[in-house]
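K.L.:
Below you'll find the structure I mean.
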Amino acid sequence: MIPFNRAVYLPKAKEYVGETLESSKIAGDGKYTRLCTRWMEERFCAAKILLTTSCTAALEMCAILLDIQPGDEVILPSYTFVTTANAFVLRGARAVFVDIRPDTMNIDETKIEAAITERTKAIVAVHYAGVACEMDTIMEIAGRYRLPVVEDAAQGVMAFYKGRALGTIGTFGCYSFHETKNYTMGEGGALIINDETYIERAEILREKGTNRARFYRGMVDKYSWMDIGSSYLPSEINAALLYAQLEIADEINDYRRNVWDQYYEQLKLLPAELPFVPGECVHNAHMFYVKVRNLSERQSVIGALGEQGIGAVFHYVPLHSSPGGRKFGRFFGEDCYTTKESCRLFRLPMWYGLEPEEVRTVVKKLEEALAKVRVAE
Ligand SMILES: *Cc1c(COP(=O)(O)O)cnc(C)c1O
């Protein structure tokens, strides 16, 4: 059995979590939250990072910080996770979906400008598979229209675009530390604030609308209700779990990159399409996907691999074709690639600790499955 994903497990995490439990300081914003935050701010050259309870929470914070109102529009790809849209829809916005590029599965930067209207309040760039969107172009368009850019970098921790960490290029960046991501705290995420004018309000928003963060730093002598807000800070137990992984982030990243390279090398002659990484992008091996000819071929291959105990899985059903997407959004322009490319893509097992022998097994079974499906035609 080779499952699709296995969360990182480190003995060190047990030690840090144990220490946290014994200290009885298990609420948020303690020692390990500070260690995680400082580690990421330094490593990614970020002005300010706040740990959150999820990437979804970080996206919701962006929508509130950008003062999204009913009737506003937000531009994003349809090929993404539900919460990329829902965080803004929760504030009353309409999702305006733009087609993706077939090579990276990222939003097609050349189709964004035409989708902008007077109601557009933000552009959301999703870095699929930890491969960056064409950020120079996106930032240039956003600059001309004075629009903020939110990077959904849920899959992009430790990935770079022209030397800059994903999540640090737009107005805000959002990371996920969910169980399925490269680094995990079970459920968790982070908000990266690249425009310093938003820092104070973001801290208040995350702390139930109070200025408790400033109080703890001794900047005010009592803390008060200041603004709207919610509870978006994770517990120290989660942060302790994450910190053990950040300490060896390079080792985890190198390991995943190595698995990715093994897949690429062994599958490059497969009559199917493999991921493309533009020259200016350094990816983090968040996933290894394969694109076959069509939906039925994909389903047959996933089924055949499943019978062999191999966890291959498809990915997003385009949001515009779902009930929520039809209710809360619209597709702008023509859907040339979103539907066509998404329905022929599937992902192979990828995790820290996946053995070379297991990679060879996946490759062999995939080759057999694809050959069988094509003979059957
Ligand atoms: C995983 C993921 C999310 C959601 O992350 P959570 O931490 O589970 O909220 C959002 N967007 C993308 C692109 C993701 O891959």
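The values are calculated or read from the model by the stated rules, or taken from the named source; none is laboratory data. For clarity, every value in this text was computed on a predicted model and none was experimentally measured. For neighbour counting, all protein chains shown are included, and Cβ atoms are generated from backbone atoms with ideal geometry for every residue, glycine included.
K.L.:
Is it fair to say residue 197 is on the phi < 0 side of the Ramachandran plot, among the β-branched types (Val, Ile, Thr), in a loop (DSSP other than H, G, I, E, B) and surrounded by fewer than 24 Cβ atoms within 10 Å (Cβ to Cβ)?
P.N.:
On the way: on the phi < 0 side of the Ramachandran plot: yes; among the β-branched types (Val, Ile, Thr): yes; in a loop (DSSP other than H, G, I, E, B): no; surrounded by fewer than 24 Cβ atoms within 10 Å (Cβ to Cβ): yes.
Against the criterion (on the phi < 0 side of the Ramachandran plot, among the β-branched types (Val, Ile, Thr), in a loop (DSSP other than H, G, I, E, B) and surrounded by fewer than 24 Cβ atoms within 10 Å (Cβ to Cβ)), residue 197 does not qualify.
K.L.:
Could you list, in sequence order, the residues of the range 17-36 that are more than 25 Å from residue 153 (Cβ to Cβ) and part of a helix (DSSP H, G or I)?
P.N.:
17, 18, 19, 20, 21, 22, 23, 31, listed by residue number.
K.L.:
Residue pairs, Cβ under 8 Å, 6 or more apart or interchain, first in the range 80-93 and of a type in the set (Gly, Ala, Ser), second near the ligand (Cβ under 9 Å from one of its atoms). List them.
P.N.:
87/56; 87/59
K.L.:
Run down 228, 193 and say which single residue is touching a strand residue (DSSP E or B) at 6+ places or on another chain (Cβ under 8 Å) and more than 12 Å from the ligand (Cβ to nearest atom).
P.N.:
Working: 228 fails: touching a strand residue (DSSP E or B) at 6+ places or on another chain (Cβ under 8 Å).
Result: 193 is the single residue among 228, 193 that is touching a strand residue (DSSP E or B) at 6+ places or on another chain (Cβ under 8 Å) and more than 12 Å from the ligand (Cβ to nearest atom).
K.L.:
Tell me whether the range 166-178 contains one or more residues that are surrounded by fewer than 24 Cβ atoms within 10 Å (Cβ to Cβ) and within 12 Å of the ligand (Cβ to nearest atom).
P.N.:
Looking for residues that are surrounded by fewer than 24 Cβ atoms within 10 Å (Cβ to Cβ) and within 12 Å of the ligand (Cβ to nearest atom), one finds at least one in the range 166-178, hence yes.
K.L.:
Test residue 131 against the stated conditions and say whether it is among the β-branched types (Val, Ile, Thr) and either closer than 15 Å to residue 75 by Cα or at pLDDT below 95 (or both).
P.N.:
Values: among the β-branched types (Val, Ile, Thr): yes; either closer than 15 Å to residue 75 by Cα or at pLDDT below 95 (or both): no.
Considered against the rule, which asks whether it is among the β-branched types (Val, Ile, Thr) and either closer than 15 Å to residue 75 by Cα or at pLDDT below 95 (or both), residue 131 comes out as no.
K.L.:
Of (1) assigned to a strand (DSSP E or B); (2) modelled with pLDDT under 95, residue 373 satisfies all except one. Which?
P.N.:
Of the numbered conditions (1) assigned to a strand (DSSP E or B); (2) modelled with pLDDT under 95, the odd one out for residue 373 is (1).
K.L.:
Also, I was wondering about something else. With respect to residue 253, determine if the residue is under 18 Å from the mean Cα position of the chain (by Cα), surrounded by 19 or more Cβ atoms within 10 Å (Cβ to Cβ) and within 25 Å of residue 338 (Cβ to Cβ).
P.N.:
On the way: under 18 Å from the mean Cα position of the chain (by Cα): yes; surrounded by 19 or more Cβ atoms within 10 Å (Cβ to Cβ): yes; within 25 Å of residue 338 (Cβ to Cβ): no.
When the stated conditions are applied, residue 253 does not pass them.
K.L.:
Within the range 331-370, can you find the residues that are closer than 25 Å to residue 316 by Cβ and in a helix (DSSP H, G or I)? Outline the logic, then answer.
P.N.:
Quick first cut of the range 331-370, residues closer than 25 Å to residue 316 by Cβ only: 331-352, 354, 359, 362-363, 365-366, 369-370.
Selection gives 338, 339, 340, 341, 342, 359, 362, 363, 365, 366, 369, 370.
K.L.:
Moving on. Go through the range 37-155 and tell me which strands (runs of 3 or more DSSP E), entirely inside it, have 2 or more residues that are surrounded by 24 or more Cβ atoms within 10 Å (Cβ to Cβ), within 16 Å of the ligand (Cβ to nearest atom) and not hydrophobic (A, V, I, L, M, F, W, C). Outline the logic, then answer.
P.N.:
Numbers: elements: 48-52, 73-77, 94-98, 120-126, 149-152.
Because the criterion is at least 2 residues that are surrounded by 24 or more Cβ atoms within 10 Å (Cβ to Cβ), within 16 Å of the ligand (Cβ to nearest atom) and not hydrophobic (A, V, I, L, M, F, W, C), the strands (runs of 3 or more DSSP E) in the range 37-155 that meet it are 149-152.
K.L.:
Starting from the range 130-142, keep only residues that are more than 22 Å from residue 177 (Cβ to Cβ), then list their pairs with residues that are part of a helix (DSSP H, G or I) and of a type in the set (S, T, N, Q) whose Cβ atoms are within a distance under 9 Å, requiring at least 6 positions of separation or different chains.
P.N.:
Short answer, once both residue conditions are applied: 134/110; 137/110.
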